[in-house]
Each structure stands twice: as C-alpha cells, then as structure tokens.
C-alpha cells in the first residue's frame with residue numbers, strides 16, 4: 001500500500017490554476033453534502049479568476065438537505081438567513097471530466113460534426129459569507145482529523161475504499177422508484193414495478209457474467225486512469241447486477257476525494273452503457289447488500305509502517321493494537337456515519353456482513369479485519385461501512401476512534417478471547433440494528449462526539465432525523481415488507 005506515499009500532490013499557484021482551468025470550456029465546482037451526494041454548479045472558465053480567488057457562491061444550506069432534497073432548517077443556517085457561502089476549490093483535485101455531456105442517449109449529430117465542450121471539475125470546500133470555515137462540512141472534518149493525526153503523532157494515513165454497487169437496466173428505472181402511495185390506503189394487492197438488474201443470478205466471478213460488463217469496465221477504467229484514479233480490479237459480485245471496484249490506496253484526503261469523484265463518474269459513464277448505477281445498500285428484496293470496506297494503515301515520516309512490528313505477536317505494533325481498541329470501543333456509535341441510511345440496516349447482522357464488535361487476523365466474519373503479511377501489506381480493514389456511506393465521514397470517524405484508542409493506550413480483547421456461542425462471539429457487543437438505535441448510541445458516546453465536534457454532530461443528526469427518519473422512521477425492518485423497501489427505494493435509489 002506504499003506507492004502513493006511517493007506521489008503526494010503539491011499546491012499550484014493562482015496563475016497555474018487559472019491556466020489549467022482555461023484549457024477547458026467549463027468547470028464543475030463540486031462538493032459533498034452530509035449524505036455524501038455529489039453537488040455541483042457548472043461555470044464557464046471565462047470566470048477562472050473569480051473561481052481561483054474563491055468568490056464563487058453556493059447556498060450554505062445545500063450541504064444539509066436530505067437525500068430527496070428535503071429542506072432541513074439547521075439553526076446556524078437559519079441564523080445566517082440561508083445566505084450564500086463561498087466555494088474554495090482544492091486546486092490539487094482539478095481533473096478533466098471526459099464523461100460529462102454524454103448523458104443524453106438521443107443525440108443524433110455525428111461525432112465528426114458535433115463539438116462537445118471540454119469539461120473539468122474541482123472539489124471544493126465551503127465557507128460562510130464572512131470567510132469562516134463551515135466546521136460541520138464533511139470534507140473539512142476529515143481534513144481536521146488527518147491534521148490532528150499528523151500534529152499529535154507524526155503519522156500519515158494511507159487508505160483506500162472498496163465499494164460495491166448495483167447496475168440496473170436504465171429503461172424504466174424511474175418508474176420503479178415511485179412512492180408506493182397505496183400503502184397509506186391499506187391496499188393489500190398493491191403491485192410494485194420490479195427493478196431489473198443488468199444481469200440476473202448469483203454471478204460472482206463467473207466469466208460469462210463478467211463478459212457482459214467488460215466494455216463498461218474498460219471504458220470506466222480508461223476514464224478513471226486518465227484522471228489519476230486507479231482501480232485495482234473489476235468483478236461481478238454475489239448479487240444480481242452487483243459489481244465491485246476497489247480503489248488503490250492514497251495518502252490523506254486524496255483517498256476520500258478519489259472515491260467521491262469515482263462515485264459520480266461511474267453513474268454518468270454507466271448511462272452510456274444503458275445502466276443505472278446505484279450505491280443504495282440493499283435495493284432488492286431478498287438479495288445481498290452492498291458494502292464499502294475501508295482499508296487503512298499509518299506511516300511514520302521515516303517511511304515505516306506504524307502498524308507493523310515483526311517482534312510483536314501477530315506482527316502488530318502496540319500502536320496498531322491501541323488503534324484497534326479505539327475502533328472497537330466506538331464502532332457502535334460510528335455506525336451513524338458508516339451505515340447512514342435506514343436501508344443500511346438491511347445489511348448488518350446478515351451473512352458475511354458485520355454483526356458484533358470484534359476483530360481478528362484475516363477473518364472475513366469480523367467487523368475489524370486485520371491483514372499482516374509484511375510491512376508493506378499490514379493494514380486494518382473496517383468492514384462496517386455500507387456502500388451508501390459518505391467517504392469523508394467514514395475516514396473522519398475511523399481516525400477519530402483510532403486516535404482515542406492511542407490516547408488511552410488500551411489493549412483490545414485478543415481475538416482468541418472471543419468465544420463462539422451459537423454462531424456469535426462472547427463477550428460481545430452487537431452493532432445497532434436501526435438508524436434510530438445508531439443515533440442514540442452516538443449521543444451516548446461522548447468521547448467520539450467531542451472528538452468529531454458537537455457542532456458537526458448536531459448538524460448531522462438533524463439531517464438524519466428530519467430527512468431519512470421523518471420519511472422512513474416508522475419502518476420496521478424485521479417485518480421485511482416489500483412495500484417498506486419500495487419506500488426506501490423512493491428515498492435513496494436514484495440519489496445515493
């Protein structure tokens with residue numbers, strides 16, 4: 001996982017940034033919201049100087065809307081009268097968008113005569129109108145945790161996301177996501193239009209199914225490679241239309257930036273291949289769900305892996321064990337961020353998905369899985385995040401919990417200290433079974449709340465309670481209702 005350590009990007013000057021932007025006709029100024037959705041405005045690069053100076057504006061309230069644009073009245077935003085803030089581009093993230101402008105399948109003009117504008121994009125942070133940073137902004141929070149890790153311990157995080165997602169037939173996808181209004185009338189014979197996966201059957205690794213996706217995978221890979229995002233491999237997973245594309249590790253915030261950019265790109269590239277791509281965790285009734293494991297390691301300034309010590313048991317350093325203990329202590333509360341939708345809890349507590357707070361060496365059943373092959377390949381895999389999670393918040397929560405473990409110097413329960421009893425370990429703590437329960441657990445984890453910041457927690461919980469839970473809070477997943485799942489699709493499928 002070390003190659004990325006030798007390729008850290010450096011900031012560029014205003015003049016260089018303006019010149020790079022002006023190689024394109026238009027630029028997307030992009031940012032994340034609380035839900036991890038990709039927000040953008042399109043600006044002509046005639047205004048490159050204004051962009052570089054950080055004078056482009058967007059409403060501060062945009063980052064707090066629900067998945068379906070539910071307006072959440074955050075007190076801080078109300079106090080600011082919903083004023084615009086300023087978009088501050090991270091110029092190291094400037095990249096071409098070769099996939100932009102191809103969403104319309106009805107364009108009949110030939111490629112030889114059509115002039116397609118060149119589009120680039122840059123990931124932005126956002127400030128209040130007076131220039132103060134918005135402390136609750138997810139990307140800023142992740143950068144804050146990265147900075148604390150560096151300042152307090154002299155450590156750099158090297159990490160990568162391992163996303164799964166679904167490919168559906170594009171035709172008719174909107175119809176499948178309509179709200180099942182007959183639920184309110186108590187109708188028992190409601191007919192719901194089924195989603196149509198791009199391929200059917202449990203198709204993991206089967207070459208005949210892989211072949212169906214190869215043109216899409218190769219197109220996707222070429223475009224990602226062209227902008228410096230590297231996907232290690234492409235495979236068809238264990239569900240209908242389910243795919244996996246693990247990213248290569250990157251240093252610091254770049255790992256989350258790359259996944260954030262990739263999620264939007266794959267949706268747009270998929271449209272060219274008549275696919276509707278969704279990162280909703282469990283969109284199909286009775287089928288498998290999608291996760292997004294977060295692999296990470298810590299590195300010292302001398303280039304050594306801080307998790308690795310060949311003299312210690314399992315070759316894990318004391319720091320690695322303390323980090324693991326921190327993750328275990330705070331894993332239940334972290335699910336508010338790692339499993340952020342009502343639908344995510346259709347994944348947890350199922351076969352091969354995280355169930356309890358535990359860890360082990362290379363154990364696919366554990367919530368925290370540790371790999372310890374050698375110094376280059378010793379890292380920790382947080383298996384709890386779902387495909388719907390915001391990568392910036394997964395990164396922030398993982399670093400925050402790990403640092404709390406280092407500060408306490410606590411040892412984790414040894415893997416062999418867990419005893420299997422009827423398929424579970426004892427002693428064990430169970431992960432939350434609903435978003436309601438996860439939020440309650442987070443409120444009671446004062447250490448994690450204080451580390452992430454009470455202002456961020458207040459904003460985030462309001463978004464969840466007044467967005468997701470206002471619409472879906474009455475759903476009981478244990479009833480396993482197809483009508484309930486249809487409501488969840490209405491809320492998430494086309495947006496997550």
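Rule-based calculations on the coordinates, nothing more; no lab input. These figures come from a predicted structure and were not determined experimentally. Ideal geometry is used to build each Cβ from the backbone, glycine not excepted, and the neighbour counts take in all protein chains shown.
Once the piece of chain linking residue 470 and residue 73 is laid out straight, how much longer is it, given 0.36 nm per residue of separation minus the C-alpha distance between them? Could you put the intermediate results ahead of the total?
Details: separation 397, 0.36 × 397 = 142.92 nm, distance 1.34 nm.
Result for the pair: 141.6 nm of gain on full extension.
How do 20, 150 rank when sorted from fewest to most other Cβ atoms within 10 Å of their own Cβ? The partial results should precede the final answer.
On the way: 20 19, 150 14.
Least crowded to most crowded, the residues run 150, 20.
Counting pairs of Cα atoms in region 228-380, how many percent are more than 25 Å apart? Numbers along the way, then the final one.
Values: 4519 of 11628 pairs.
For region 228-380, the share of Cα pairs beyond 25 Å comes to 39 percent.
Calculated FRET efficiency, residue 248 and residue 196, Cβ-Cβ r, R0 25 Å, to nearest 0.05? The partial results should precede the final answer.
Working: r = 32 Å, r/R0 = 1.29.
It comes out at approximately 0.20.
Report the extension gain between residue 55 and residue 440 in nm, rounded to one decimal, defined as 0.36 nm multiplied by the number of residues separating them, less their alpha carbon distance. Before the final figure, lay out each step's value.
Details: separation 385, 0.36 × 385 = 138.60 nm, distance 3.94 nm.
Once the chain is fully extended between residue 55 and residue 440, it gains 134.7 nm.
Taking neighbour Cβ counts within 10 Å as the exposure measure, how do 450, 484 sort from fewest upward?
Values: 450 12, 484 21.
In increasing order of surrounding Cβ atoms, one gets 450, 484.
Add -39500 (n - 2.57) for each DSSP H run of 4 or more in the chain, then divide by its residues: what number comes out at 222 nm, to the nearest 500 deg cm²/dmol? Display every interim value, and only then the final one.
Details: 15 runs with 162 residues, N = 496.
Dividing the helical sum by the residues of the chain leaves -10000 deg cm²/dmol.
Which whole-number percent is the relative contact order of the chain (Cα, under 8 Å, 6+ apart)? List each step's numbers first, then the result.
Details: 953 pairs, mean separation 91.1, N = 496.
So the answer I get is 18 percent.
Take the alpha carbon gyration tensor of region 223-313, find the square roots of its eigenvalues, order them as a ≥ b ≥ c, and report rounded if a/c is under 1.5; if not, report prolate when a/b exceeds b/c, else oblate. Display every interim value, and only then the final one.
On the way: a/c = 3.03, a/b = 1.67, b/c = 1.81.
Since a/c reaches 1.5 but b/c is at least a/b, the shape of region 223-313 is classed as oblate.
Which whole-number percent gives the relative contact order of region 371-496, counting Cα pairs below 8 Å spaced six or more residues apart? Could the numbers behind the result be given before it?
Working: 37 pairs, mean separation 21.1, N = 126.
Once divided by the residue count of region 371-496, the mean separation gives 17 percent.
As a test, work out the antiparallel percent of DSSP beta bridges whose residues both lie in the chain, rounded to the nearest 5. Walk me through the intermediate numbers first.
Details: 54 of 62 bridges.
Close to 85 percent.
Sorted by packing (mean other beta-carbon atoms within 10 Å per residue), highest first, where do 129-142, 247-260, 204-217, 331-344 land?
So the order, starting with the most tightly packed, is 331-344, 247-260, 129-142, 204-217.
Going by how many other Cβ atoms sit within 10 Å of their own, how do 322, 55 line up, fewest first? Mind dumping the intermediate values first?
Numbers: 322 20, 55 12.
Placing the least packed residue first, the sequence is 55, 322.
I want to check the label-to-label distance for residue 135 and residue 42. Put each point 7 Å from Cα in the C-beta direction and report it in nm to one decimal.
Modelled inter-label distance: 3.8 nm.
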